[in-house]
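Working notes for the structure below.
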Amino acid sequence: MFKDRSYCGEVGKNDVGKYLTFFGWVARKRDLGGIIFIELRDVTGYVQLVVDSSKSEAHIIDTANQLRNEYCIMAKGEVRLRSPETINPSISTGEIEIFVTNLEILSVSEVPPFQISTAANLSEEVRLKYRYLDLRRSEMQEAIIIRHRVCQAVRNYLSGKRFIEIETPMLNKSTPEGARDFLVPSRINKGMFYALPQSPQLFKQILMVSGFDRYFQIVKCFRDEDLRNDRQPEFTQVDLEMSFVDPPMVMEVIEGLLAEIVKVVLNKEIEVPFQRITYDEAMDRFGKDAPDLRFGLELVEVSDIFKSSKFEAFATIIRSGGKVKTVVVPQGARVSRKMIDDYSEFVKIYKAKGLYWARYKSGSFDGGISKYLSESEQKELEKRTKPTEDSLLFFVADFPHIVNDALGNLRLRLGKELNLCDDNTLKFVWVTDFPLLEYHEEDKRFYAKHHPFTAPKREHYNMLDTISPENVDELKAQAYDVVLNGVEIGGGSIRIFDPQLQKKMFALLSISEEEAKVKFSFLLDAFKYGPPPHGGIALGLDRILMILLKRTSIRDVIAFPKTQKGQCLMSEAPSYVSPEQLEELAIRIIDNERIV
Ligand code: ASP
């Protein structure tokens, strides 16, 4: 009986008169005294079944009476046009219904803990515990099906560009993305651990050495980080690597790939190539390395105007190496005093000492700090920021990174609260020329901004010998991120392929020769045998889907996600294991100082 299956969401007017068989779940049953309407759901959508007590056979009426929500059933019947007053335009099959001639209950359902159609309003905890029911919702099915179609498009597109999909191991040595590893104990090698891959970085580079000059993989990566709405302990990357390329070649492949993905998800063409801006420019103009370019409100530096100002709050900070920047909000009347007070508190989150403001009215500045600014300073400020009538200027004066952080985040908040971020706009941008390293004051050492295998810009090679915490930002990498609406959706780089340069990089990163040998010797060894120049990138598939589908959490585009505490509420992972299992692994658990 299963062979003749038709799908609920795929019948239409053209099928009128046919006898078709459906399998699915009872989404809703209405008994209008004599006529029973059953909404049947499967993976393609809904179709309405009709059982009429005056016309249907007795056993069908009897079975229909037994049906409850979420029963799994088989229904066969004739496709009929609905009468005009019963047409339902909200479903694709709303013009027809199935007059049931055969009905069978395949399995019954307990009363579900919630009604499937209303699950969107439930707490996420309940949805995740009963994920199998939550996944029956059309919104979730849509996300999962689109995810599949995106993966299919990725495979097609990249295969068409000579990429080869190659699986890399899940049980690995620690990889160097910089997060904490998930460890897996080895039973056969007691006391030893595998690390789950934070990414296939080293393996894909090795594949380049082996001559697979275009590799890709849709791959799970694991990072033991503190979780947020756009992070999961295991997430999926579209990972790729290419030999004999420069950054523009990698970017071109990715632009084409993202255009395909957008086409699949939204049936929309996007403009390529994407805008490209350097890291320095992104920080200057937007205060962030993943700028949201859907709206203006750019940061404008005004330090030079105030360096000898009588307004000490500005002058002092400029003298001690700080900066003053401003964000100009046109039609400033939209921002109330109460909002200004909120924003003043808000910038403190980013360690800014204060938020200053001034309004521009009838050709001069008014309110806030206006009275402290000299006439010439006001003139210069006007020239620099080009305010329009009723503009509101926000200023932060602080250390450069605090200014960028505070105003960059204030800009985003203003963008949201003043409705400047159009949800239907997709603004892709490449951010290039990231610094190679960053200096951490607490540890008194450099870290790789991207990862230790990223190559410096060629013209900056010699800076490696003279790098210091003071000039660390000037040494740039051949690294690039792709950003969508202010979210980093991918990042990559051209790699180091000279073993000597790689050794130098490890030394700069305080990775001792010993440690490098233990962790990465296979890469360094491989590089002894004619490594090709190469580079690549990885895209965050979950994040891309989340943005394109306008979901608020990446959990909504993943079939079985973990909570913020890294738990699967459905299967209850992680869990304790038996003493026997631990014994086999030679592991003892220390629980609150107590060994169990
Ligand atoms: N492995 C890098 C990451 O996961 C991406 C890359 O450099 O290709 O961020």
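Within straight cross-link reach of K517, meaning Cα distance under 30 Å, which lysines are found once same-chain residues fewer than 8 apart are removed?
K173, K190, K204, K220, K444, K449, K457, K476, K503, K504, K528
Along the charge dipole of the stretch 404-546, Cβ charges K/R +1 and D/E -1, which of Q478, P533, V429 sits furthest on the positive end?
Final value for the positive-end residue is P533.
Could you give me the ³J(HN,Hα) list for the stretch 50-55, computed from phi with Karplus coefficients 6.51, -1.76, 1.60 and θ = phi - 60°, whole Hz, x at Gly and Pro?
For the stretch 50-55, the Karplus curve yields 10, 10, 10, 5, 8, 10 Hz.
Whole Å is fine, so just give me how far the alpha carbon centre of the stretch 159-238 lies from that of the stretch 491-510.
19
Give, rounded to the nearest 20 debye, the magnitude of the charge dipole that the stretch 13-79 has about its Cα centre when Lys and Arg contribute +1 at Cβ and Asp and Glu contribute -1 at Cβ.
Computed about the Cα centre, the dipole is about 140 debye.
Any idea what the dipole of the chain comes to, in debye rounded to 20, about its Cα centre with Lys/Arg Cβ at +1 and Asp/Glu Cβ at -1?
In debye, rounded to 20, the chain gives about 340.
Normalized C-alpha radius of gyration of the stretch 427-526, against 2.2 N^0.38 Å?
Here the Cα radius of gyration is 1.12 times the empirical estimate.
When you count, for each residue, the other Cβ atoms within 10 Å and take the mean per peptide, how do 439-452, 404-417 rank with the highest first?
404-417, 439-452
Which whole-number percent of Cα pairs in the stretch 546-596 have a distance greater than 11 Å?
77
Roughly how many debye, to the nearest 20, is the charge dipole of the stretch 448-596 about its Cα centre, given +1 on each Lys and Arg Cβ, -1 on each Asp and Glu Cβ, and no other charges?
Computed about the Cα centre, the dipole is about 500 debye.
Determine ³J(HN,Hα), in whole Hz, for all residues of the stretch 468-478 in sequence, where each value follows from phi through the Karplus function 6.51 cos²θ - 1.76 cosθ + 1.60 and θ = phi - 60°; x replaces Gly and Pro.
Coupling constants for the stretch 468-478: 9, x, 6, 9, 4, 6, 7, 7, 9, 9, 8 Hz.
Along the stretch 401-411, what does the Karplus equation 6.51 cos²θ - 1.76 cosθ + 1.60 (θ = phi - 60°) give for ³J(HN,Hα), rounded to whole Hz, x for Gly and Pro?
Listing the rounded values in order: 5, 6, 4, 5, 5, 5, 6, x, 6, 5, 4 Hz.
What Kirkwood hydrodynamic radius do you get for the stretch 254-397 when you take the inverse of the mean 1/r over all pairs of distinct Cα atoms, in Å?
17.2
With every atom except the alpha carbons ignored, what do you get for Rg and Dmax of the stretch 255-301, in angstroms?
Calculated on Cα positions, Rg and Dmax stand at 13.6, 41 Å.
Out of all Cα-Cα pairs in the chain, roughly what percent, to the nearest whole number, are more than 37 Å apart?
Here the long-distance tail beyond 37 Å is 52 percent of all Cα pairs in the chain.
Among V209, S56, S578, which residue has its Cα positioned farthest towards the positive end of the charge dipole of the chain, with +1 placed on the Cβ of Lys and Arg, -1 on the Cβ of Asp and Glu, and the dipole taken about the Cα centre?
Checking the options against the dipole of the chain, the answer is S56.
Based on the mean of other Cβ atoms within 10 Å per residue, sort peptides 387-394, 476-483 so the most packed one is first.
476-483, 387-394
State the Kirkwood hydrodynamic radius of the stretch 52-137 in Å, one decimal place, computed from all pairs of distinct Cα atoms.
15.3
Rank by packing, highest mean first: peptides 249-255, 53-59, with packing defined as the count of other Cβ atoms within 10 Å averaged across residues.
249-255, 53-59
Each value in this text was obtained by applying a stated rule to the coordinates, not by laboratory testing. Small disclaimer: the values here were computed from a predicted structure and weren't measured. As a convention, Cβ positions derive from the backbone with ideal geometry for all residues, glycine included, and neighbour counts pool all protein chains shown.
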